[in-house]
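Asker: Can you read through this structure? Questions will come right after.
The numbers here are math on the coordinates, done by the rules we state, and not lab data. Predicted, not measured: the structure shown is a model, and the values here were computed from it. Note: ideal-geometry Cβ built from the backbone for every residue, glycine included; neighbour counts use all protein chains shown.
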Amino acid sequence: MGTNDYAPRPAHIRWLLDSDPAIRWQVMRDITGEAPESVAAERSRVATEGWGAELLASQSPNGYWGGPNLRHFRPDLLPDDRKMIFSFYTLVVLMDLGIDPASKQACKMTDRVKKGVAFKWLNNRPFFQGETEPCINGRILALGSYFREPNDALANLLLSEQLEDGGWNCEAPKSRRSSFHTTICVLEGLLAYEKAAGKSASVTKARKRGENYLIERQMFRSLRTGEVIDNRWLRFSFPTFCHYDVLRGLDYLRDAGIKPDNRISDAIAVVIKRRHQNGRWPLNLLHPEQIPIQMETAVGSASRWNTLRALRVLSWFNNSAYKLARQTQGRRQ
């Protein structure tokens, strides 16, 4: 079967739309191609209804997220560190939900973070200035860029930490081999930074090297042996937090406007294989990180998040393959 066989059917679209505004607006933008004003109207509801509104309401006036569930979250960390990491993950999910950063609710939330959230173990360094690990800093660069606080210094720091093979690793300089987990976090951050601050030759060059790091390894294989590096990358989760998997990697390439080629065909086959007979993609696993609310928690059950992302990845791949075939056919005539 080709990717065309996995185009969404009306029943799949109805199921996706019968959901939270965070999913609905992305379906309207990426799957059904609704008018921009309709998409924007639906997106505006993320701040006032459903998961987005719940996350916003659970922020404390000092900018952090916490609550009773923090007692059981990362007991290996000090309370302030737990509170910071919990807040970090919550911000990542708010970005994933696609809350409009210009909304008054998002602006209020961001202002609280700017004024109150800081890395206490780094002399109270403000949150959007980042910390020390590139995987976290990649996410913070993305968050700052998304919420209209793009940080030039943080972007430049990440550029300086790129390894010779094109990726990044939080274990560097001890390790000179890149990590898929760190690399995808940094790539997403650099892409968000360019969308917010404008194109930069140095950032674009670094992104291309990082993208090639993933693509040359077919998104999940060892460059040396061709073997699958980690079978967990073939199982899809949401939220992804700071974890890599094939669907997250492909969705990044789609978002970055990369033209796919045969080197990602095996990764596309993984996405197709994960589809259930009912035309929906399941939640294969949940990562141990936590946020203040529950979205999709039944592992093995149909996942609207995974279905949405898989469908838009397959559409991106199929449309590019179709255009390439048409161009090739035209040259032959």
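Asker: Could you pull out the pairs from K104/K195; K114/K259; K115/K205; K199/K259; K114/K199 whose alpha carbons sit more than 27 Å apart here?
Answerer: Numbers: K104/K195 21 Å; K114/K259 37 Å; K115/K205 34 Å; K199/K259 18 Å; K114/K199 25 Å.
Beyond 27 Å between Cα atoms: K114/K259; K115/K205.
Asker: What is the Rg over Rh value, at two decimals, for segment 111-159, using alpha-carbon atoms and the Kirkwood definition of Rh?
Answerer: Values: Rg = 10.1 Å, Rh = 10.7 Å.
So for segment 111-159, dividing Rg by the Kirkwood Rh gives 0.94.
Asker: Most mobile of P134, P79, P126 per a Gaussian network model of the chain (Cα springs, under 10 Å)?
Answerer: In this elastic network of the chain, the residue with the biggest mean-square fluctuation among P134, P79, P126 is P79.
Asker: Out of A118, A192, A57, any idea which swings most in a Gaussian network model of the chain, alpha carbons joined below 10 Å?
Answerer: A57
Asker: While we're here: Quick one: in segment 1-108, what % of C-alpha pairs are over 25 Å apart? Walk me through the numbers on the way to the answer.
Answerer: Numbers: 2136 of 5778 pairs.
Value for segment 1-108 (Cα pairs over 25 Å): 37 percent.
Asker: Over the chain, what relative contact order in percent results from Cα pairs under 8 Å that are six or more residues apart? Working shown, then result.
Answerer: Details: 469 pairs, mean separation 55.8, N = 333.
RCO, the chain: 17 percent.
Asker: Let me ask another. Could you estimate the translational diffusion coefficient of the chain from the Stokes-Einstein equation, with Rh from the Kirkwood formula over C-alpha pairs, at 25 °C and 0.890 mPa s, in whole µm²/s?
Answerer: Working: Rh = 20.7 Å.
Using the Kirkwood radius from Cα pairs, D works out to 118 µm²/s.
Asker: How far, in nm, would the chain grow between D152 and T132 when pulled straight, counting 0.36 nm per residue and subtracting the alpha carbon separation? Let's see the in-between values first.
Answerer: Numbers: separation 20, 0.36 × 20 = 7.20 nm, distance 1.56 nm.
Roughly 5.6 nm would be gained on extension.
Asker: With the dipole of the chain worked out from charges on the C-beta (+1 for Lys and Arg, -1 for Asp and Glu) around the Cα centre, which of P36, P75, W25 lies farthest toward the positive end?
Answerer: Value: P36.
Asker: Now, a different point. How large are Rg and Dmax for segment 174-333 when only the alpha carbon atoms are used, in Å?
Answerer: Spelled out, the Cα radius of gyration and Dmax of segment 174-333 are 16.7, 59 Å.
Asker: With springs only between Cα atoms under 10 Å, which of L141, L286, L154 fluctuates most in a Gaussian network model of the chain?
Answerer: Highest fluctuation of the listed residues: L286.
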